[in-house]
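Input: a single structure, listed below in structure tokens.
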Ligand code: AMP
Ligand code: MG
């Protein structure tokens, strides 16, 4: 059931549902999340079950602001405080040392915890309603709420960027708050803040340069030991539509299109920054601006899947830093077909 995110009654209904251990489809500026009370291990288990996600693959906890930090985590380095000042609320997730007993199941049993403060007004309204003592009081002995919320899609599939995407995937299983299409469109940038330098675990729309400038410390790429916490073998299957994704340089893509037999045209769809593929082939234009391409990426993949195409041919994106997040998601979507897991 899709509920209007701007309705106070809908927010209240969803807050009640979460207090009772239920799941809610939650709009954020990055992608739609599948939210549960992070303090309620049974509710968190429902997220893992609904998504088909391995229980040791940790979830990001969404909080109302920096005031929640000390409740969930400790040992916050100065560079992390600077990052939060610059980018919260916003599409930045920080990994910190988890306080004992906090959000254990949501963190997959790890000693670290991933926290994000979403900027979306509907997510903020829901967190505010949950924290409102008059509307239901403390949460498991605390006034500090956290919503564990991975993307609202089945494990390994493309993240949803509209309420309709969530409903298409999960039907009536839980209410979904409609907050419109996501403004960012790809998942948050994740920075591990448990070391003496920030470590970039997942690129997003915030560039390494912007993060560096904000905190004064250059970001490090993860070493083998600092690789993102993931269940074994899941990396390649992330962000994949049903159709096969092929990444091609402009000339290779043009050549492939012009040598494609007419009988194959039905099977193929194209997302490129120019628009003169043979007319029988479905094509839509990738924006020249990285942030706009990020906003459209998952909807393009989902729409082509819904049209039943077998292959999506995507033009490789520019090599510049602002394209890093889109490049990462496209490479993962394409990688599924070159790995066996
Ligand atoms: P998502 O798939 O968008 O829900 O993001 C989950 C990712 O966040 C994981 O794959 C990790 O990279 C990171 N993450 C979440 N929770 C933790 C945690 N407790 N410790 C370390 N990394 C985490
Ligand atoms: Mg996800």
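All of the numbers you see were taken from the coordinates with simple rules; none came from a lab. None of the values given here were measured: they were computed from a predicted structure. Heads up, the Cβs are rebuilt from the backbone with ideal geometry, glycines too, and the neighbour counts pull from every protein chain shown.
Suppose R0 equals 51 Å. What FRET efficiency, 1/(1 + (r/R0)^6) with r the Cβ-Cβ distance, do residue 288 and residue 100 give to the nearest 0.05? Write down the numbers at each step before the final one.
Numbers: r = 49 Å, r/R0 = 0.96.
That gives a FRET efficiency of 0.55.
The slack in the chain from residue 74 to residue 110, taken as 0.36 nm per residue of separation less the alpha-carbon distance, amounts to 11.5 nm. When each of the peptides 250-262, 13-25 is scored by how many other beta carbons lie within 10 Å of its residues on average, the order from highest to lowest is 13-25, 250-262. Computed over the Cα atoms of region 60-125, the ratio of the radius of gyration to the Kirkwood radius (Rg/Rh) comes to 0.95. Taking the C-alpha atoms only, the angle from helix 324-335 to the longest principal axis of the chain is near 70 degrees.
For region 155-269, compute the orientation-averaged projected area of the C-alpha convex hull (one quarter of its surface), in nm².
Values: hull surface 46.9 nm².
Averaged projected hull area, Cα only: 11.7 nm².
Cα-based radius of gyration for region 1-50, normalised by 2.2 N^0.38 Å, reads 1.13. Mean residue ellipticity, 222 nm, helices only, the chain: the sum of -39500 (n - 2.57) across DSSP H runs of n ≥ 4, divided by residue count and rounded to 500, is -9000 deg cm²/dmol. Estimated from the Cβ-Cβ distance and a Förster radius of 35 angstrom, the FRET efficiency linking residue 331 and residue 86 is about 0.80.
By how many nm would the segment from residue 258 to residue 209 lengthen if fully extended, with 0.36 nm per residue of separation less the alpha-carbon distance?
13.7 nm
When the chain is treated as a GNM, springs tying every alpha-carbon pair under 10 Å, which of 297, 147, 26 comes out with the largest mean-square fluctuation? Judging by the Gaussian network model, the answer is 297. Rounded to the nearest 10 degrees, the angle from helix 121-131 to the longest Cα principal axis of the chain is 20 degrees.
Extension gain, residue 49 to residue 275: 0.36 nm times the residue separation minus the Cα-Cα distance gives 77.2 nm.
When restricted to Cα atoms, region 260-341 yields an Rg and a Dmax of 13.1, 39 Å, respectively. Quick one: grab the alpha carbon gyration tensor of region 46-164, order the square roots of its eigenvalues as a ≥ b ≥ c, and give me rounded if a/c is under 1.5, else prolate or oblate depending on whether a/b is larger than b/c. Since a/c stays below 1.5, the shape of region 46-164 is classed as rounded. Comparing mean-square fluctuations of 179, 101, 325 from a GNM of the chain with C-alpha springs under 10 Å, the top value falls on 101.
The listed peptides 306-319, 111-124, ordered by packing as a protection proxy, come out as 111-124, 306-319 (highest mean of other Cβ atoms within 10 Å first). The angle between the Cα long axis of helix 8-19 and the longest principal axis of the Cα atoms of the chain comes to about 70 degrees, rounded to the nearest 10.
Calculated on the alpha-carbon coordinates, the convex hull of the chain measures out at 129 cubic angstrom per residue.
For the peptides 161-170, 31-40, 287-296, residues were scored by their other Cβ atoms within 10 Å and the scores averaged per peptide; the highest-first order is 31-40, 161-170, 287-296. Normalised by 2.2 N^0.38 Å, where N is the number of residues, the alpha-carbon radius of gyration of region 10-107 equals 1.12.
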